[in-house]
Every structure is written in structure tokens, then in C-alpha cells.
Amino acid sequence: MIQTRLHNSDTKLVFRVPARIIWCSALFMGVLASVPKILQLHITFTELAVDSSVAFLFTLFVWYFNIYSLPKYSNSQFKNRFFNLRLLYSLLLGVGLMLLLVIMHQLLFPHYHFQSMIMMYEFRGVLINLTIYMFLHLLYQSYQTQLIGMELERVKSDQLGAQYELLKQQVNPHFLFNSLNTLKSMVEIGDPHSVDFILKLSDFYRFTLENRKQDVIPLSEELSILHAYMFLLKARFEDGIDLSDEIDITSVPIFIPPFTLQLLVENCIKHNVVSFEHPLKIRLYIKRDKLIIENKLQLKKTAQISTAMGLENINQRYLHLAQNQIEVEKSQHLFTVKLPLIYEYHNHRR
């Protein structure tokens, strides 16, 4: 295997030309060079061998020279002047080599008159050199294009990975201060559920610490996080919020990016009225390979203009993990988000 090393910023990339291509092409040129004399019908075996060996040895040399004269670095500037100079050097060296081969064969076989055929040998050598040079040039350029494509894909992948890590960091709960204020109020009035609230708050943040580095977690764990979160919300809003969980966890494993449901519920509370007079009803169910969460639409009159950052966050996570987008639907009375079901995720680590 003939190769030349191309160094990329942090990896070594190798451009290779299979040895069988070099040797087979050299043999082919050797046979092709002897065809004209074979057609003359009065050629001897020695003449045939001599003619073929000249073309064979010349072709081998041209291959090796052109391969090892390739730029050694993948980020070299491939300007026309550079390639024209390299072609000129290759042709000049080829002319000299062909002359040397003819002289050597003349010395080995003095009874053959190679001098009278020197121009024919040189012309043949130039054609062989040009053919190999152009083939190798096109092959090398194609390889360079592939390297650029691979590098772009690597950079794109690194960027997506960095963006995804940033997205995961943005999902961490932001309601700690509200929860502590709720706990303070419960303690002040001697609410008997204060201890349960503390335990659920502890569970919720334990879930956060355990799963914040995971790409996905089982849906059953995500539901545990959601119910712990809902307990904290119920302590704050009481009957002003209600979650209808209609999901039946089957034997088929389903995965979900951690804190997705918590983020969607948080989004519902942010934009809708939550009160005893107008309870916010949230429904969670699975239908047609979609995990669906919908809420009764009762927008706040003084609500800030939505930037949709939370939904975009979730959508980007699904694009990164499952190459699929979420669906958002809004009607007069309902706001619905449909999440694609993830049945397998090979990089899921526990």
C-alpha cells in the first residue's frame, strides 16, 4: 500500500493508493507497449520483453514519484501554479528517466537499435506520465474534498454537542426561591404537610443532581420527577392546578430528555392563570407514538410576550437526540405539545 501522510490539526489522515492499482497499471502499460510490435508478426520474445520492461519500469517510477511529491499537509494551498510546476518537474524527470532506461537496455542488448526509436519511447513516456498525473491529481482532489467535508461534519458535531450541553444546563429548575417561600409560609402557620413538602423538595433536587448529566432517562423516572414537582406546586397553588396522568407504563422502554415534562408544566404556569376559581388543568397521555401534554388555555391578561425559548430548548434537544421535532398546536381552548417517543437510545448511561 503506497501512502502519503496528511496531518490535520489533531489527527493524522493518510491518503493511500492501493499497490495493486500501481502494479496492475504498470503491467498493463508493459503489455500495451508491446502491442504494435506484436502486430508486426516478426518480433522475437527478447524484443517483446525489452519493450515491455521499459514501459513497466517507467510506469512504476512515475507512480512512486507523483505519489511522494504530493503535499504532505491536508491544509496546503492547491494553486494552479503549484500543480503546473509539479507537472513540469514530473515530465522533465520522466524524459530523463526514459532516456536512461533506453541507454541501459542498449548496453544490455547492443544488437538492438534503440537510438532510432528514442522519440517514440519519449512520446510514450509523456503520455503515460500525463495519464497517471491527471488520474492521481483528480483522486487526490477528491480525497481533499472528502477531508473538508469530514472536518465540517466534525466541527458541526462539536458545535451541536456544545449547544446541547448548554441546553441541558438551562433546564435546571428555577423555582427554588418560590419553593422556599412556600415552605416558610407553611412553617409559619404550622402546616402539618411541611415535612412532606421538605421531603418532596429533597427528592426533586436529588432527581436533578442524579439526572442532569444524562441525555435521556426512562419515562418512569421522568414521571417520578414530574409528580414530585407537582406536589410542590400543589402546596403552593392547592386546587388551582390539576394534573391528569393517563400514561400506562408498559414493558416497552421509553426514554425522554430529563426535566422535559417539568419544563412544559412550568411553561403552562408561566403563561396561564392559576387560581381556585380558574384551576389550570393539565392532561398527559400517549397517542400514536407521541407523548402529549395539553392544558386548558386561560392566558394571563398581563402575561409577557412569549419568546418560546422553553419550547425551542426542548425542540433542539429532540433534534439532537432523535433527529425529530416536537409538534406544538394551539386552539381556542387548548395548548398542546406532542413529543416523539424515543424507544432506543444507545448512549443512555446510568
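The values are calculated or read from the model by the stated rules, or taken from the named source; none is laboratory data. Just so you know, these numbers come straight off a predicted model, no measurement behind them. Backbone-built Cβ (ideal geometry, glycine too); neighbour counts: all protein chains shown.
Take LYS234 and decide whether it is more than 23 Å from MET309 (Cα to Cα), more than 41 Å from the chain's Cα centre (by Cα), outside any loop (DSSP other than H, G, I, E, B) and at pLDDT 85 or above. Break it down stepwise before answering.
Numbers: more than 23 Å from MET309 (Cα to Cα): yes; more than 41 Å from the chain's Cα centre (by Cα): yes; outside any loop (DSSP other than H, G, I, E, B): yes; at pLDDT 85 or above: yes.
For LYS234, the condition - more than 23 Å from MET309 (Cα to Cα), more than 41 Å from the chain's Cα centre (by Cα), outside any loop (DSSP other than H, G, I, E, B) and at pLDDT 85 or above - is met.
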If you take the residues in region 113-134 that are modelled with pLDDT of 75 or more and of a type in the set (S, T, N, Q), which one is surrounded by the fewest Cβ atoms within 10 Å (Cβ to Cβ)? THR131
If a residue must be surrounded by 11 or more Cβ atoms within 10 Å (Cβ to Cβ) and either in a loop (DSSP other than H, G, I, E, B) or over 27 Å from the mean Cα position of the chain (by Cα) (or both), how many such residues does region 329-342 contain? 6
What pairs can you find where one residue is in region 299-320 and closer than 15 Å to ASP215 by Cβ, the other is assigned to a loop (DSSP other than H, G, I, E, B) and modelled with pLDDT of 70 or more, and their Cβ atoms are less than 7 Å apart, with a gap of 6+ or different chains? ILE314/ILE326; ARG317/PRO257; TYR318/ASN324; TYR318/GLN325; TYR318/ILE326; LEU319/GLN325
Tally up the residues in region 317-336 that are out of contact with any Asp or Glu (no Cβ under 9 Å at 6 or more places or on another chain) and under 22 Å from HIS271 (Cα atoms), please. 7
Within region 249-256, does at least one residue satisfy the condition of being modelled with pLDDT of 90 or more, farther than 21 Å from THR208 by Cβ and among the aromatic types (Phe, Trp, Tyr)? no
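Is it fair to say SER157 is in the same structural domain as VAL274 (by TED's automatic domain parsing), at pLDDT below 80, in a helix (DSSP H, G or I) and small (Gly, Ala, Ser)?
For SER157, the condition - in the same structural domain as VAL274 (by TED's automatic domain parsing), at pLDDT below 80, in a helix (DSSP H, G or I) and small (Gly, Ala, Ser) - is not met.
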Within region 248-255, identify whether any single residue is crowded, with 21+ Cβ neighbours inside 10 Å and in contact with a Phe, Trp or Tyr (Cβ under 7 Å, 6 or more places away or on another chain), and answer yes or no. yes
Output the residues belonging to region 182-231 that are within 37 Å of the chain's Cα centre (by Cα), assigned to a loop (DSSP other than H, G, I, E, B) and acidic (Asp, Glu). ASP215
Of everything in region 261-276 that's of a type outside the set (A, V, I, L, M, F, W, C) and modelled with pLDDT under 90, which residue is surrounded by the fewest Cβ atoms within 10 Å (Cβ to Cβ)? LYS270
